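Asker: Before I ask anything, here is the structure I am working with.
The values are calculated or read from the model by the stated rules, or taken from the named source; none is laboratory data. Since this is a predicted model, take the numbers as computed values, not measurements. Positions of Cβ are backbone-derived with ideal geometry, glycine not excepted, and every protein chain shown enters the neighbour counts. For the accessible areas, the whole protein counts, side chains as well, though only heavy atoms, and no ligand, DNA or RNA atoms are used. Shrake-Rupley method; radii C 1.70, N 1.55, O 1.52, S 1.80 Å.
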Amino acid sequence: MDHMNSEKTRAAAWFRSLRDDIVAAFEAVEDSHITGPFAGQPAGRFDVRETKRGTDGDQGGGLMSVMRGGRVFEKVGVNVSTVYGELAPAAQRAMAARKGIEGMADDPRFWAAGISLVAHMQNPHTPAVHMNTRMFWTPHAWWFGGGSDLNPCLEYDDDTADFHAVQKEHCDRHDAGYYPKFKAWADEYFYIPHRKRARGVGGIFYDDLNTGDWEADFAFTQDVGRAFLPAFLAPTEKRRNTPWTEADKDAQLVHRGLYAEYNLVYDRGTKFGLETGHDPDAVLMSLPPLAKWT
């Protein structure tokens with residue numbers, strides 16, 4: 001499978017292009033009309049720095065773009081990376097156990113590219129959100145994965161329905177079975193067993209996507225990325241100027257505790273990033289700026 005250099009290049013370029021579009025769109029949101037306590041402060045902007053894996057980036061890297069203290073976004077990170085090297089023994093065993101990949105010990109090379117995004121909002125009525133898509137390659141297998149899910153602390157049924165409708169529309173362009181399958185997968189994956197509740201109101205999640213048709217699987221992964229902005233910006237535009245109370249803010253901080261617990265205890269991406277030696281600040285970018293436990 002070493003012949004896939006062209007496909008790797010195209011996938012990495014797509015994730016970078018999607019990152020650029022999202023960063024520009026979020027900064028435009030910061031420039032929009034805002035009411036409430038943050039109206040008088042400057043619009044937020046992303047702080048961008050390079051990330052490196054290995055010695056001086058000899059195993060790849062990427063860009064970590066983080067905005068803190070914006071008028072709409074309290075903290076949002078948009079990371080893109082392309083990394084490669086050899087999987088450590090623990091990661092090799094995980095691949096063999098979870099994905100059934102044989103021969104990892106004999107040839108543990110890997111290559112991975114993707115985009116990862118988490119947004120925590122100033123207004124408690126505006127939902128937090130998570131999105132990522134990625135391509136993973138080894139000499140033994142390749143696959144795509146990712147998804148997008150909404151995490152409001154104050155739930156609105158119409159926001160949830162609209163978010164899911166956009167996901168379904170983009171899934172249906174490729175396979176009518178994708179949305180129900182990947183929605184159910186998200187409901188299962190983004191569940192916090194020790195709290196006996198979901199992290200948010202769901203979305204879609206998929207992994208190990210390899211139908212044997214790389215072009216088709218890449219096209220679907222691109223559409224998952226394209227769905228993100230229309231799905232998320234709609235509730236953001238609708239709720240960003242809704243007045244809130246101290247009780248609303250308290251509910252937001254408590255809900256963020258759920259997010260932190262999930263990402264630190266269960267999230268596969270967090271575990272994989274730390275196990276493979278990626279920049280820990282980039283891996284832990286998803287954590288909220290403030291959270292509360294009662």
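Asker: Non-local amide H neighbours of Ala198 (under 5 Å, H modeled in plane, Pro and chain starts lacking H): which ones?
Answerer: Correct list: Ile192.
Asker: Ok, one more. Using θ = phi - 60° and the Karplus form 6.51 cos²θ - 1.76 cosθ + 1.60, what ³J(HN,Hα) does each residue of segment 81-87 get, whole Hz, x for Gly and Pro?
Answerer: Values, residue by residue: 8, 9, 10, 7, x, 10, 6 Hz.
Asker: Still on this model: Before I look further, what does the chain give for accessible area per residue, probe 1.4 Å, in whole square angstrom?
Answerer: Details: 12590 Å² over 294 residues.
With all protein chains present, the chain gives 43 Å² per residue.
Asker: Here's another thing I want to ask about it. Using only alpha-carbon positions, what ratio does the radius of gyration of segment 157-227 give when scaled by 2.2 N^0.38 Å? Intermediate results must be reported in sequence, preceding the final value.
Answerer: Working: Rg = 13.0 Å, N = 71, 2.2 N^0.38 = 11.1 Å.
Its radius of gyration relative to the 2.2 N^0.38 Å reference: 1.17.
Asker: Looking at Gly177, Phe163, Gly202, which one has the Cα that reaches farthest to the positive end of the dipole of segment 149-221 (charges on Cβ: Lys, Arg +1; Asp, Glu -1)?
Answerer: Gly202
Asker: Between Gly202, Gly103, Gly77, find the one with the highest GNM mean-square fluctuation for the chain; connect C-alpha pairs within less than 10 Å.
Answerer: Gly103
Asker: Right, another one. Find out how many positive minus negative residues lie around Met121, taking Lys and Arg as positive, Asp and Glu as negative, among other residues whose Cβ is under 13 Å from that of Met121. Please report the intermediate quantities before stating the final value.
Answerer: Working: positive: Arg68, Arg71, Lys75, Lys238, Arg239, Arg240, Lys249, Arg256; negative: Glu30, Glu74, Asp159, Glu237, Asp248.
Counting the neighbours of Met121, the net charge comes to +3.
Asker: Follow-up. Which of Lys181/Lys249; Lys75/Lys238; Lys8/Lys99; Lys75/Lys99; Lys75/Lys168; Lys52/Lys183 have a Cα-Cα distance over 23 Å? It would help to have the intermediate numbers written out before the result.
Answerer: Numbers: Lys181/Lys249 34 Å; Lys75/Lys238 19 Å; Lys8/Lys99 21 Å; Lys75/Lys99 34 Å; Lys75/Lys168 28 Å; Lys52/Lys183 34 Å.
Table pairs above 23 Å Cα-Cα are Lys181/Lys249; Lys75/Lys99; Lys75/Lys168; Lys52/Lys183.
Asker: Continuing with this model, one more query. Packing-wise, with mean Cβ within 10 Å as the measure, how do 81-88, 244-251, 61-68 rank, highest first? Please report the intermediate quantities before stating the final value.
Answerer: Values: 81-88: 18.9, 244-251: 13.1, 61-68: 20.5.
Per-residue mean Cβ counts within 10 Å order the peptides as 61-68, 81-88, 244-251.
Asker: Comparing His130, His174, His194, which has the greatest mean-square fluctuation in the GNM of the chain with Cα pairs linked when under 10 Å apart?
Answerer: His194
Asker: How do 156-162, 180-186 rank on mean C-beta neighbours within 10 Å, highest first? Write down the numbers at each step before the final one.
Answerer: Numbers: 156-162: 14.4, 180-186: 17.7.
The most tightly packed comes first, giving 180-186, 156-162.
Asker: Net charge around Leu287, counting only other residues with Cβ within less than 11 Å of its Cβ (Lys, Arg = +1; Asp, Glu = -1)?
Answerer: In short, -1.
Asker: Counting Lys +1, Arg +1, Asp -1, Glu -1, what net charge surrounds Val265 among other residues with beta carbon under 13 Å of its beta carbon?
Answerer: Values: positive: Arg195, Arg199, Arg268, Lys271; negative: Glu261, Asp267.
My count for the surroundings of Val265 gives +2.
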